[in-house]
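These notes are about the structure you will find just below.
The values are calculated or read from the model by the stated rules, or taken from the named source; none is laboratory data. Quantities reported herein were computed from a predicted structural model and do not represent experimental measurements. Positions of Cβ are backbone-derived with ideal geometry, glycine not excepted, and every protein chain shown enters the neighbour counts.
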């Protein structure tokens with residue numbers, strides 16, 4: 001108990017508070033946005049999705065407390081297991097996965113009555129893998145450029161397997177996170193031309209592999225999502241219908257909203273009201289002002305993540321926090337821009353607001369890993385200060 005209290009005292013309190021606040025808002029909105037669909041579409045009780053989301057949050061925070069007590073140096077014992085394990089799981093998913101929303105992205109676990117989405121965890125696994133791997137070779141001052149590129153081979157394979165489900169949104173986020181981490185790695189500028197050349201060859205090989213794999217990377221439904229402009233003029237099309245109803249929800253809300261639980265668009269007008277379009281329901285019920293407050297909460301969380309990353313005393317911890325920052329950035333941007341018809345609609349959840357077991361557990365896991373980095377930052381700073389006093 002004393003150890004847990006000691007860890008809590010060293011955590012980044014603003015990040016923890018903002019996380020709990022956003023999870024609380026999300027839980028309320030999951031209940032409000034899903035209550036009608038639970039009855040009319042899924043033949044469940046009004047609290048069905050609320051209770052499940054509450055269970056996901058409890059599991060996530062219990063797991064988070066465990067993570068706080070695991071030093072990040074121990075990740076070096078599991079990073080290869082994580083990257084190879086998720087590769088095997090994603091490969092098996094193509095044959096044994098559950099087809100949902102035109103994508104074979106889920107493993108259904110009948111014993112516990114839940115489904116897991118491996119691609120969500122793949123995003124975090126590559127962050128952990130790259131953090132441990134690059135910390136090691138940079139510390140050794142490795143000059144072999146091919147050793148720097150080795151993780152990208154595995155990441156490319158993982159991205160390809162996710163594309164083959166097909167899940168374009170998750171694949172895009174995973175590859176974008178990997179790219180942002182890779183370009184932040186300290187290395188000699190003389191290697192940049194070689195990296196560009198090898199990267200170009202890799203893209204060509206990936207493209208040829210996709211073309212001759214016989215896999216339909218994007219089916220007709222998903223291809224239609226790239227026609228995302230002027231949704232209300234395409235109301236009879238799936239993507240136009242969903243986004244236009246999202247616009248209607250936002251317009252209904254005005255500045256202060258119609259009141260919690262009083263949304264009209266959640267009456268099956270928005271098919272994914274508790275997942276992809278939960279922000280639209282939030283604005284409809286609580287108003288644009290509350291929507292802006294939620295965006296400010298996200299901005300403050302991202303700021304705290306960046307601050308923790310910059311204060312890290314080693315590359316491993318810096319990448320762990322920095323990778324978490326990009327994980328949240330890409331999910332927030334792609335979800336909100338898809339809802340506003342700025343980008344194609346890809347079915348990406350909004351962190352800590354959208355309903356979802358795999359995504360919720362994954363987001364909170366990475367937040368607590370970042371909190372562990374914050375703890376180690378303070379421990380290291382204290383140690384350095386003590387050493388200075390001894391001198």
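Just one residue in the set 163, 90 is closer than 25 Å to residue 339 by Cβ and touching a helix residue (DSSP H, G or I) at 6+ places or on another chain (Cβ under 7 Å); that residue is 163. Residues of the stretch 339-358 that are assigned to a helix (DSSP H, G or I) and surrounded by 23 or more Cβ atoms within 10 Å (Cβ to Cβ): 339 alone. Consider the stretch 79-121 and keep the residues that are in a loop (DSSP other than H, G, I, E, B) and touching a residue at least 12 places away in the same chain (Cβ under 8 Å). The one that is nearest to residue 155 (Cα to Cα) is 117.
How about the stretch 157-174: which of its residues are part of a helix (DSSP H, G or I) and crowded, with 21+ Cβ neighbours inside 10 Å?
Of everything in the stretch 157-174, those that are part of a helix (DSSP H, G or I) and crowded, with 21+ Cβ neighbours inside 10 Å turn out to be 158, 159, 161, 162, 163, 168, 169, 170, 171, 173, 174.
Consider residue 104 carefully, then state whether it is under 22 Å from residue 360 (Cβ atoms), surrounded by 20 or more Cβ atoms within 10 Å (Cβ to Cβ), touching a strand residue (DSSP E or B) at 6+ places or on another chain (Cβ under 8 Å) and modelled with pLDDT under 95. No; evaluated as a whole, the condition is false for this residue.
To keep it simple, each residue is scored yes or no on (1) within 30 Å of residue 135 (Cα to Cα); (2) in a helix (DSSP H, G or I).
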position	(1), (2)
5	yes, yes
14	yes, yes
19	yes, yes
22	no, yes
28	no, yes
35	no, yes
67	yes, yes
70	yes, no
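Cβ-Cβ distances below 6 Å connect the following pairs, each with a first residue in the stretch 136-156 that is part of a helix (DSSP H, G or I), a second residue that is surrounded by 18 or more Cβ atoms within 10 Å (Cβ to Cβ) and at pLDDT 85 or above, and a separation of six or more residues or different chains: 138/315; 147/137; 151/130; 151/133; 154/83; 155/126; 155/178.
Report yes if residue 124 is assigned to a helix (DSSP H, G or I), buried (at least 23 other Cβ atoms within 10 Å of the Cβ) and in contact with a helix residue (DSSP H, G or I) (Cβ under 9 Å, 6 or more places away or on another chain), otherwise no. Yes: the conditions hold for residue 124.
Is one or more of the residues making up the stretch 46-59 under 30 Å from residue 265 (Cα atoms) and not in a helix (DSSP H, G or I)? Yes, the stretch 46-59 has at least one match.
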